[in-house]
Structure formats: C-alpha cells, structure tokens
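Step one of this worksheet: look at the structure below.
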Amino acid sequence: MIEVFPTPDDVATAARDLVLNVVARAEPTNPVHIVLAGGSTPANLYKLLARVDGVRWENVHFWFGDERTVPGDHDDSNYKMAMETFLAEISAPEGNIHRMRGEDSPEEAAEAYAALIRSLVPHNDDGIPVFDLILLGMGDDGHTASLFPGTEALAEQSEIVVANEVPQQDTVRITLTYPVLNAARNVLFLVTGEGKAEALAAVMADDEDSPPAAGVQPHPGELRWYVDSAAASRLVTD
Ligand code: 6PG
C-alpha cells in the first residue's frame, strides 16, 4: 500500500504515528523489535520520535537494516546517525540497541549480527526471525538496505545477514537480506524527493526489471510505502 503525502515532514509525521502504534503493543515480557533504516531520510522521523513523551522505549529493541564498514562513531555510520537523532535522546536501555560492528571484518560482523538476531528475535515456522517493524529507505537506484542492483546479496535465500560487496560504491556493506525483510510483521518504506521518482515508478511497475526495493514483499506481513509528492511524481495514476 502506498500513501502519498505533500511534504517530507508529513511523511515523517505519519511514520512517527505508525511506529508509536507498534511500540504501544510492547510489554516488558514481550518486547518489540524494530529495525531502523540508515541514510538521511529517516532522520526527520527519528527527531520526531525523540520528542514524544511517555513512550515505553524500554520495551523496544532497536536493530539496523544495514551498516557501512566503518566504526560506530564514524560520520558515515547509520548507527551514529540514529544515536544522534534519536537513540541518545530516549530512555532506551543500552542493551536494547544492537548495532552492526562495521569496524570488524564484514563477514564476521554479519555472522555475529545474525546470531544475535536469532538469539533475541522470535522466529516463524520456517525458523526466520520476525521483526515487528522494519523501516527502510530507497536509493535513487532503487536499492534498499544495502541490497544494491547487481550485487550478490540479492540472491541470498538462507543467511539473514551478509557482507555484500558493492562495486558501484567501491565498498562492502553489511545488510539484512530478503528472507528476513520479507518475514517481518510490518515493513515501512520512507521515500522522499524528486531524485527517487524514477526508481519509485520502476518499483511500482513491479516487473522483471524492477530494482531491488521491489523484492521486499513481506508475507503475511504488511508492506507500506510513505512517500512525498515529489517522489511520487512519476507514478502512473490509473
Ligand atoms: C544506507 C541506507 C540506504 C538508504 C538509501 C536512501 O546505508 O545508505 O540503508 O539503503 O536507505 O540509500 O538513503 P537516503 O535516505 O539518504 O536518500
């Protein structure tokens, strides 16, 4: 389901309300597990969430959909962005914030993160961990998390976290894979700006040429796209 909002701020406000709905279900004995998106788009949302009073963040575990191969205090770190805009401002217990160790060997970091997820996140009948909510962004090439066009991780069907070589960025990234993205109860894409319009139209066309973000089709979970009118400007309205 795709919802088009006038501005990026409207997207962030709607996303805030969805996150709070998910968190409201959290109990001390039944925490919720939320995957945070990286990049810059989610920063607006994170800043809004940090300002909401009375939220029982102690019943929430925070995870990451992907990470750059840098230390957690590096300016490129998705963890650093989330800490500065959100997690450092709220009462989330440090033990509930799970970062991918970008400073380690990517393969080892991916393996360790997968083990950590499996130790804490309840799984479905197929043995795949089920996150309550996964937040995702999308690049102007249609990548999501660090599932970039033409990269090996797109074909991964058993590991839930992998190190993914991204030649177009001359780097290696650590990323969740389609099996765990598609097992989530809720997936919410946040996409804003004219620069994403072509990729978003390609995703919504959902044909064999669609970019990686089109591969996120949670079932039986809910898929939502919250986009602004600039990003939606190339969508075909029937
Ligand atoms: C990352 C993100 C990535 C991001 C898109 C969009 O590590 O960069 O996980 O998937 O969501 O690149 O980034 P922007 O929000 O900055 O456009």
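The values are calculated or read from the model by the stated rules, or taken from the named source; none is laboratory data. Bear in mind that the values here come from a model prediction, so they are computed numbers and not experimental data. Backbone-built Cβ (ideal geometry, glycine too); neighbour counts: all protein chains shown. Just the protein is used for accessible areas: all its heavy atoms, side chains included, with ligands, DNA and RNA removed. Shrake-Rupley method; radii C 1.70, N 1.55, O 1.52, S 1.80 Å.
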Taking Ala153, is it in contact (Cβ under 8 Å) with a residue 24 or more places away in the chain, more than 14 Å from the ligand (Cβ to nearest atom) and surrounded by 15 or more Cβ atoms within 10 Å (Cβ to Cβ)?
no
Selection from region 177-195 of residues that are more than 10 Å from the ligand (Cβ to nearest atom) and not β-branched (Val, Ile, Thr)
Tyr178, Pro179, Leu181, Asn182, Ala183, Ala184, Arg185, Asn186, Leu188, Glu194
Tell me which of these Glu165 doesn't satisfy, since it passes every other one: (1) closer than 22 Å to Ala15 by Cα; (2) open to solvent by 30 Å² or more (accessible area, probe 1.4 Å); (3) charged (D, E, K, R); (4) more than 13 Å from the chain's Cα centre (by Cα).
(1)
All but one of (1) more than 14 Å from the ligand (Cβ to nearest atom); (2) surrounded by fewer than 23 Cβ atoms within 10 Å (Cβ to Cβ); (3) in contact (Cβ under 8 Å) with a residue 60 or more places away in the chain hold for Val172; state the number of the condition that does not hold.
(1)
For Gly72, work out the one condition from (1) more than 13 Å from the ligand (Cβ to nearest atom); (2) of a type in the set (Gly, Ala, Ser); (3) open to solvent by 20 Å² or more (accessible area, probe 1.4 Å) it doesn't fulfil.
(3)
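Checking the condition modelled with pLDDT under 95, open to solvent by less than 10 Å² (accessible area, probe 1.4 Å) and over 14 Å from the mean Cα position of the chain (by Cα), which residue from Ala26, Ala12 passes? Steps first, please.
Numbers: Ala12 fails: modelled with pLDDT under 95.
Result of the check over Ala26, Ala12: Ala26.
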When you scan region 128-137, do you find a residue that is touching a residue at least 40 places away in the same chain (Cβ under 8 Å), at positive phi and of a type in the set (A, V, I, L, M, F, W, C), even just one?
no
Looking only at region 38-60, decide whether some residue is closer than 18 Å to Leu116 by Cα, surrounded by 15 or more Cβ atoms within 10 Å (Cβ to Cβ) and within 16 Å of the ligand (Cβ to nearest atom).
no
Taking Glu159 as meeting all but one of (1) open to solvent by 40 Å² or more (accessible area, probe 1.4 Å); (2) in contact (Cβ under 8 Å) with a residue 40 or more places away in the chain; (3) closer than 28 Å to Asn21 by Cα, write down the number of the exception.
(3)
With criteria (1) touching a strand residue (DSSP E or B) at 6+ places or on another chain (Cβ under 7 Å); (2) more than 16 Å from the ligand (Cβ to nearest atom); (3) open to solvent by less than 50 Å² (accessible area, probe 1.4 Å), Ser105 comes up short on (1)
Out of (1) modelled with pLDDT of 95 or more; (2) in contact with a Phe, Trp or Tyr (Cβ under 6 Å, 6 or more places away or on another chain); (3) more than 16 Å from the ligand (Cβ to nearest atom), the odd one out for Ala92 is which?
(1)
Among (1) more than 18 Å from the chain's Cα centre (by Cα); (2) buried (at least 16 other Cβ atoms within 10 Å of the Cβ); (3) more than 16 Å from the ligand (Cβ to nearest atom); (4) not charged (D, E, K, R), which single condition is Leu18 missing?
(1)
Qualifying residue in region 54-71 (condition: of a type in the set (D, E, K, R), at pLDDT 95 or above and either within 20 Å of Glu27 (Cα to Cα) or over 19 Å from the mean Cα position of the chain (by Cα) (or both)):
no
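Which one of Gly102, Gly39 is under 24 Å from Tyr226 (Cα atoms) and touching a residue at least 40 places away in the same chain (Cβ under 8 Å)? If you could, list the steps in order and put the result at the bottom.
On the way: Gly102 fails: under 24 Å from Tyr226 (Cα atoms).
Gly39 is the lone residue from the list that is under 24 Å from Tyr226 (Cα atoms) and touching a residue at least 40 places away in the same chain (Cβ under 8 Å).
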From the options Val22, Val32, Val60, Val55, residue that is farther than 30 Å from Leu235 by Cα and touching a residue at least 60 places away in the same chain (Cβ under 8 Å):
Val32
